[in-house]
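Structure record follows, encoded as structure tokens.
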Amino acid sequence: MNFYDKMGLTPIINASETYTILGGSLMDSRALQAMAEAASGFIDLNQLISAVCQKAAELTKNEAAFVTTGAAGGIILSAAACICKGDTAKMDMLPVTDNFEKNEILIYDGNFHELVPYWKLIKLTGAKIVSVKPSLDAISEAVNERTAAFFLFPASLYEKGIPACEETIPVLKRLGIPAIVDVAAQLPPVSNLWYYTRQLGADAAIFSGGKHIKGPQSTGLIVGNTDFINSCKLLASPNCRIGRAFKTGKEELAGFITALELFVNESEEDKFNRQLLLLEEIEKKLSLNKELHLEMIMEGRLGTHQPLLLVTLPKGKTAKECNQFTRNSKIPIDIGVYPPEFEMQEDVIFLNAYNLNSQCVDIVVNTVLEYCKA
Ligand SMILES: *Cc1c(COP(=O)(O)O)cnc(C)c1O
């Protein structure tokens with residue numbers, strides 16, 4: 001009896017996204033092996049953290065990096081680092097920041113506030129959030145002597161109606177305001193691991209470890225310059241400061257760094273083609289139903305570098321109902337449903353092969369075809 005059986009749960013095939021609510025992604029056996037090996041003995045945790053973070057910096061071509069519990073943990077540590085700088089006395093005062101010279105963090109006003117509510121976590125540090133009208137000119141009006149940083153949430157969907165980070169970061173640089181980007185799910189391309197920091201000049205970029213990198217779900221990565229990352233380290237476990245509440249253990253550190261190495265070393269083309277081949281097989285098999293309209297697109301929902309198969313269902317069918325059907329079938333499947341903000345027709349589902357393997361293909365095809373007949 002496997003673990004999920006014992007818990008009375010049925011595993012779900014993920015044909016939609018690296019959603020946290022489904023369990024993120026699946027680890028490669030080599031990452032799992034590294035976790036088991038790390039679990040087999042004691043080490044000096046500070047030394048392990050240093051070694052893993054050093055390696056993460058090298059793999060991501062950044063000056064420095066810090067491995068934390070998730071992008072959410074990364075947001076909290078980064079916000080705290082922005083208001084405390086390297087000052088450990090301030091770090092010990094959090095979340096009381098009334099006497100700090102700089103305790104305001106700017107974010108754009110915009111629809112993303114509801115779509116990605118992670119910006120709210122900034123407040124846990126005691127920093128005050130100041131909303132900026134979505135224009136470049138509004139930035140200099142909003143900046144004052146208390147401004148500690150600007151947090152950005154770049155993604156094709158979230159940046160609708162607000163200036164892109166490519167335009168915003170140069171303005172912030174000119175004003176001397178640190179720019180922090182939350183790009184938790186903006187992978188692949190793998191080059192995004194250094195694009196925001198090295199190419200655009202952001203002070204830090206934050207990624208999820210448990211989404212596309214396929215590390216433990218409870219991991220995340222902050223990359224940036226050495227001073228900034230050192231502040232994050234001082235704020236994090238094992239130090240008894242704000243980050244002590246989200247500790248990364250030796251097993252997660254081992255699983256994450258192994259997954260990151262695999263992610264960075266797999267060629268971009270291989271990654272893309274592996275997914276494309278699976279989707280083409282699904283497309284071919286679904287095309288037996290002439291009522292379906294099939295379209296392969298070469299971009300993920302948030303602008304990432306991955307293929308998606310869009311399927312327009314027969315007349316009278318909806319994506320939402322299709323998902324209910326596939327989730328309730330004997331082998332449950334989560335097929336992709338676009339949330340309303342994408343303004344997609346409600347009879348279109350998307351299939352994403354990032355978390356699929358070839359054994360899943362027939363089950364996915366047959367269940368979707370069954371729904372179409374139902
Ligand atoms: C998923 C996500 C997060 C949270 O990431 P975790 O690694 O689950 O903590 C934060 N920001 C954005 C934009 C995300 O997509």
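The values are calculated or read from the model by the stated rules, or taken from the named source; none is laboratory data. This structure is a prediction, so every number in the text was calculated from the model and none was measured. Every residue, glycine as well, gets a Cβ built from its backbone with ideal geometry; the counts of neighbours run over all protein chains shown. For the accessible areas, the whole protein counts, side chains as well, though only heavy atoms, and no ligand, DNA or RNA atoms are used. Shrake-Rupley method; radii C 1.70, N 1.55, O 1.52, S 1.80 Å.
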message: Taking the condition of being within 15 Å of the ligand (Cβ to nearest atom), out of contact with any Phe, Trp or Tyr (no Cβ under 8 Å at 6 or more places or on another chain) and outside any helix (DSSP H, G or I), how many residues in segment 175-200 meet it?
response: 1
- prompt: Any residue in segment 218-228 that is in contact with a Phe, Trp or Tyr (Cβ under 8 Å, 6 or more places away or on another chain) and farther than 23 Å from Gln306 by Cβ?
  reply: yes
Qualifying residues in segment 21-38 (those that are open to solvent by 100 Å² or more (accessible area, probe 1.4 Å) and within 21 Å of the chain's Cα centre (by Cα)) - the one nearest to the ligand (Cβ to nearest atom): Ile21
task: Could you list, in sequence order, all residues of segment 325-355 that are open to solvent by 10 Å² or more (accessible area, probe 1.4 Å), assigned to a loop (DSSP other than H, G, I, E, B) and not acidic (Asp, Glu)?
output: Asn328, Ser329, Lys330, Ile331, Pro332, Tyr338, Pro339, Met344, Gln345, Asn355
- prompt: Within segment 4-20, can you find the residues that are in a loop (DSSP other than H, G, I, E, B) and open to solvent by 50 Å² or more (accessible area, probe 1.4 Å)?
  reply: Met7, Gly8, Leu9, Thr10, Pro11, Ile12, Tyr19
- request: Quick one: count up the residues across segment 248-300 that are part of a loop (DSSP other than H, G, I, E, B) and touching a Leu at 6+ places or on another chain (Cβ under 7 Å).
  value: 4
Of the criteria (1) buried (at least 21 other Cβ atoms within 10 Å of the Cβ); (2) over 30 Å from Glu114 (Cβ atoms), which one Cys322 fails: (2)
- prompt: Can you name the residue in segment 217-226 that is closer than 20 Å to Leu200 by Cβ and surrounded by fewer than 24 Cβ atoms within 10 Å (Cβ to Cβ) and is also nearest to the ligand (Cβ to nearest atom) among such residues?
  reply: Asn225
field: Count of segment 201-216 residues which are part of a strand (DSSP E or B) and either among the hydroxyl-bearing types (Ser, Thr, Tyr) or near the ligand (Cβ under 10 Å from one of its atoms) (or both)
entry: 3
query: Does Phe66 count as surrounded by 15 or more Cβ atoms within 10 Å (Cβ to Cβ), in a loop (DSSP other than H, G, I, E, B) and hydrophobic (A, V, I, L, M, F, W, C)?
result: no
field: Residue identified as of a type in the set (Val, Ile, Thr), in contact with a strand residue (DSSP E or B) (Cβ under 9 Å, 6 or more places away or on another chain) and under 14 Å from Glu63 (Cα atoms) among Thr226, Thr248
entry: Thr226
message: Quick test for you: out of Lys320, Lys315, pick the one residue that is assigned by TED's automatic domain parsing to the domain that holds Phe342, assigned to a helix (DSSP H, G or I) and more than 18 Å from the chain's Cα centre (by Cα).
response: Lys320
- request: Could you tell me whether segment 76-89 includes any residue that is more than 30 Å from Leu157 (Cβ to Cβ) and either within 13 Å of the ligand (Cβ to nearest atom) or buried (at least 23 other Cβ atoms within 10 Å of the Cβ) (or both)?
  value: yes
query: In segment 232-251, is there at least one residue being among the β-branched types (Val, Ile, Thr) and assigned by TED's automatic domain parsing to the domain that holds Val52?
result: yes
Lone unmet requirement of (1) away from the ligand (no atom under 16 Å from the Cβ); (2) farther than 30 Å from Ala254 by Cβ; (3) open to solvent by less than 10 Å² (accessible area, probe 1.4 Å) for Ile229: (2)
Filter result (in contact with a strand residue (DSSP E or B) (Cβ under 6 Å, 6 or more places away or on another chain) and away from the ligand (no atom under 16 Å from the Cβ)) within segment 151-167: none
- prompt: Restricting attention to segment 124-172, which residues are open to solvent by 50 Å² or more (accessible area, probe 1.4 Å) and assigned to a helix (DSSP H, G or I)?
  reply: Leu124, Leu136, Asp137, Ser140, Glu141, Glu166, Glu167, Pro170
query: Which of the following residues is within 22 Å of the chain's Cα centre (by Cα) and basic (Lys, Arg): Lys133, Lys173, Lys160, Lys128?
result: Lys160
statement: Across (1) under 21 Å from Gln359 (Cα atoms); (2) open to solvent by 50 Å² or more (accessible area, probe 1.4 Å), Lys271 clears everything bar (2)
